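Asks: Dropping a structure here in structure tokens format, bear with me for questions.
The values are calculated or read from the model by the stated rules, or taken from the named source; none is laboratory data. Model, not experiment: these values are computed from the prediction. Positions of Cβ are backbone-derived with ideal geometry, glycine not excepted, and every protein chain shown enters the neighbour counts.
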Amino acid sequence: MGADIVIGAQWGDEGKGKLTDILAETADGSIKPNGGGNAGHTVIDETGMEVIFHYLSSAMMRPNIILATGPGSVVNPKCLMNERAAAQNMGLKLDDRFFVDERVSMLMPYHRIQDFVEEWTKSKQGGKIGTTGHGIGPAYTDQANRHTDIMFVDFIKGFEENFFNIAEDKISLFRGKNGVTSDVMKGILQQLTNNQLRDNKSLLEKGLVREEDLDYNKYFDKNSLLNYEIMYEELLRVSEHMKPYLTNTSHLANRLISEGKKIVLEASQGHFLDKIYGTRKFVTSSHPISQGAVLGSGISPMLVDRIFGVVKAYVTRVGAGPFPTKFEDSIAEKIRQIGKEYGATTGRPRDCGYFDGVMARTAQEINGFTHLAITKLDVLTGMEQIPVCYDYELDGEVLETYPASISDLERVNPIVEIHPGWKEDITSARKYAGLPKNAKRYVDVILEEHQRAYNAQDLKIGFISVGPRRDQVIKMF
Ligand code: GDP
Ligand code: IMO
Ligand code: MG
């Protein structure tokens, strides 16, 4: 026993939530090692009940499993508490099995405002990232900066002093800089409020949360200055609810592993959103790769059993940044409709493209997947010709590696071969042998493209997902 890691092999939304839920059936614990409110992971059980998880692990629908938010995550305490309340309201039980690591960096309302302000400023200058607006970049920046970081353990010790020292600095952040007038700020706060109302609709309807609790306008006074007194009081209230869940989750996970238990590390985002190895600058601010999963959960690499690369049978991307294998609009729209390619966190339409072998072997080489979980194969049913990119060509040369330069990546020409599609409905297939010949061949191509990476000869397919429900899967074990 030990740890299994779930990693998105592309730009996120590959189906990590579904795989985590499947692995959780036979696991004892689950940790979220990175990211925060930017993640949106969908689990749909056999009855069709759908839950979208952000801060909470997708393993949660399995009773008895221990759930932890690992030290590498950044967490907005109020959003976490609201998500917890929404889950409980759906009948999911959390008591005695849910923990937050005391080293987790706290994501404050001002981080979300900062994220919006930065995106607004960049959109005027060109080059916005298209973030999820959850404050991820500013929160991880404060962690790296050290002076402006607040950990969850600070709820217990020294919170007031820490918070006010930092807030004093933050107050000047939003004032009149880069054309951020008080009208612009009002617009931003209203948009954040609207997002909050949208994200907490079910809690509002049931009267479990009040509209004023979700209002961002209250954080600024009439002079458009940050009202950190209000923020502090609110955080203090939330902190009382949070205290019982705080612990050292890496110690907990290591203990479980030493007792012979299995832990699933559910990474958020995907390889190409990694802040070092992704398509910089159009990335997130954490490490959604296998190395990031052990870092963010405090588990030694020696304790890892399996590393699952979750690979969508095609590719999607949400937010800005280059996308070499993007489909032409009419095909992308068709895939978007069939695959329901709209963001689980923001509802934004996802761009769609064809399978990219260069991405595949790049992610394979760095993450060292031991198994692939191929998802959404059913979405390609009915497509007569399926393009596959094998290599990139740039200035007359076939590239050996994935370009580091974004301007090069924008100019590459994918070298493509067309694969014949299949017409048969595959959503009821539960065995590889039950797939149509061309679907099997396509799955083999995905595997072979990953196996072109160094040291990947032993790579196997672990799962082939053929529909959104947890039972719609071919298990290759
Ligand atoms: P994650 O962020 O990687 O957990 O993925 P998301 O939940 O954001 O997006 C994946 C979407 O695809 C969700 O709507 C899932 O319900 C859905 N999904 C997962 N696997 C399959 C599959 O095999 N077929 C289909 N049609 N949908 C799937
Ligand atoms: P899951 O875990 C897809 C993208 C955003 C943007 C960039 C930076 O559901 O796969 P951020 O808010 O992190 O600063 O945004 O990263 N992004 C995701 N795209 N799935 C996600 O999460 C994402 N989390 C962030 O769209 O391009
Ligand atoms: Mg998602």
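Asks: Please determine, by comparing only the residues of the range 345-356 that are farther than 27 Å from Y55 by Cβ and either in a strand (DSSP E or B) or within 16 Å of the chain's Cα centre (by Cα) (or both), which one is farthest from ligand 2 (Cβ to nearest atom).
Replies: Here is the first cut: in the range 345-356, the residues farther than 27 Å from Y55 by Cβ are 352-356.
Subsequent filtering for residues that are either in a strand (DSSP E or B) or within 16 Å of the chain's Cα centre (by Cα) (or both) retains 352-353, 355-356.
Numbers: C352: 13, G353: 14, F355: 17, D356: 16 Å.
Ranking the qualifying residues of the range 345-356, first place goes to F355.
Asks: Kindly check whether there is at least one residue in the range 357-372 that is over 23 Å from V304 (Cβ atoms) and in a loop (DSSP other than H, G, I, E, B).
Replies: Here is the first cut: in the range 357-372, the ones over 23 Å from V304 (Cβ atoms) are 357-358.
If we keep only those that are in a loop (DSSP other than H, G, I, E, B) too, we end up with none.
Checking the range 357-372: not a single residue is over 23 Å from V304 (Cβ atoms) and in a loop (DSSP other than H, G, I, E, B).
Asks: Which strands (runs of 3 or more DSSP E) does the range 1-64 wholly contain that include 1 or more residues that are within 13 Å of ligand 3 (Cβ to nearest atom) and at pLDDT below 95?
Replies: On the way: elements: 3-8, 29-32, 41-44, 50-53.
So the answer is 50-53.
Asks: Would you please name the residue that is nearest to Q196 (Cα to Cα), looking only at residues in the range 117-163 that are in contact with a helix residue (DSSP H, G or I) (Cβ under 7 Å, 6 or more places away or on another chain) and exposed (fewer than 15 other Cβ atoms within 10 Å of the Cβ)?
Replies: It comes out as K124.
Asks: Cβ contacts < 7 Å: first residue farther than 27 Å from G319 by Cβ and hydroxyl-bearing (S, T, Y), restricted to the range 6-31; second residue more than 10 Å from ligand 1 (Cβ to nearest atom) and part of a loop (DSSP other than H, G, I, E, B), any location; separation 6+ or different chain. Result?
Replies: As it stands, the answer is T26/K262, since those pairs meet every condition given.
Asks: Between a residue in the range 208-235 that is in the same structural domain as N195 (by TED's automatic domain parsing) and surrounded by 15 or more Cβ atoms within 10 Å (Cβ to Cβ) and any residue that is among the acidic types (D, E) and in a loop (DSSP other than H, G, I, E, B), which pairs come within a Cβ distance under 6 Å, given they are 6 or more apart or on different chains?
Replies: Partner pairs satisfying both residue conditions: N227/D221.
Asks: Something else now. Would you mention how many residues in the range 364-386 are touching a helix residue (DSSP H, G or I) at 6+ places or on another chain (Cβ under 9 Å) and either within 9 Å of A313 (Cβ to Cβ) or surrounded by fewer than 23 Cβ atoms within 10 Å (Cβ to Cβ) (or both)? Show your work before the answer.
Replies: Of all residues in the range 364-386, those touching a helix residue (DSSP H, G or I) at 6+ places or on another chain (Cβ under 9 Å) come to 364, 366-369, 372-383, 386.
Cutting the leftovers down to either within 9 Å of A313 (Cβ to Cβ) or surrounded by fewer than 23 Cβ atoms within 10 Å (Cβ to Cβ) (or both) gives us 366, 368, 374-383, 386.
So the count comes out to 13.
Asks: Does A85 satisfy the condition of being under 26 Å from A253 (Cβ atoms), assigned by TED's automatic domain parsing to the domain that holds N227 and out of contact with any strand residue (DSSP E or B) (no Cβ under 8 Å at 6 or more places or on another chain)?
Replies: Details: under 26 Å from A253 (Cβ atoms): yes; assigned by TED's automatic domain parsing to the domain that holds N227: no; out of contact with any strand residue (DSSP E or B) (no Cβ under 8 Å at 6 or more places or on another chain): yes.
So A85 does not fit the description; no.
Asks: Can you name every residue in the range 24-43 that is surrounded by 19 or more Cβ atoms within 10 Å (Cβ to Cβ), within 17 Å of the chain's Cα centre (by Cα) and at negative phi?
Replies: Just the residues of the range 24-43 that are surrounded by 19 or more Cβ atoms within 10 Å (Cβ to Cβ), to begin with: 24, 27-41, 43.
Next, only the ones that are within 17 Å of the chain's Cα centre (by Cα) stay: 30-41, 43.
S30, I31, K32, P33, N34, G36, G37, N38, A39, G40, H41, V43, listed by residue number.
Asks: Restricting to the range 78-96, and then to whatever is closer than 27 Å to Y232 by Cα and charged (D, E, K, R), can you tell me which residue is surrounded by the most Cβ atoms within 10 Å (Cβ to Cβ)?
Replies: Filtering first and then ranking leaves K78.
Asks: Which of the residues belonging to the range 305-344 are within 11 Å of ligand 2 (Cβ to nearest atom), farther than 19 Å from I386 by Cβ and either of a type in the set (A, V, I, L, M) or surrounded by 21 or more Cβ atoms within 10 Å (Cβ to Cβ) (or both)?
Replies: V310, V318, G319, A320, G321, A344
Asks: Where in the range 378-477 are the strands (runs of 3 or more DSSP E), entirely inside, with at least 2 residues that are free of Cβ contacts under 8 Å to residues at least 40 places away in the same chain? Talk me through it step by step, then tell me what you get.
Replies: Working: elements: 385-394, 413-420, 460-465, 473-475.
Output list reads 385-394, 413-420.
Residue by residue, here is whether (1) assigned by TED's automatic domain parsing to the domain that holds C79; (2) more than 21 Å from the chain's Cα centre (by Cα); (3) at pLDDT below 85; (4) at negative phi holds:
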residue	(1), (2), (3), (4)
I188	no, yes, no, yes
L192	no, no, no, yes
N200	no, no, no, yes
L265	yes, no, no, yes
G270	yes, no, no, yes
I289	yes, no, no, yes
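Asks: Moving on to the next point. Looking at this structure, is S428 among the polar types (S, T, N, Q), assigned by TED's automatic domain parsing to the domain that holds F355 and either within 24 Å of F272 (Cβ to Cβ) or within 25 Å of the chain's Cα centre (by Cα) (or both)?
Replies: Values: among the polar types (S, T, N, Q): yes; assigned by TED's automatic domain parsing to the domain that holds F355: yes; either within 24 Å of F272 (Cβ to Cβ) or within 25 Å of the chain's Cα centre (by Cα) (or both): no.
When the stated conditions are applied, S428 does not pass them.
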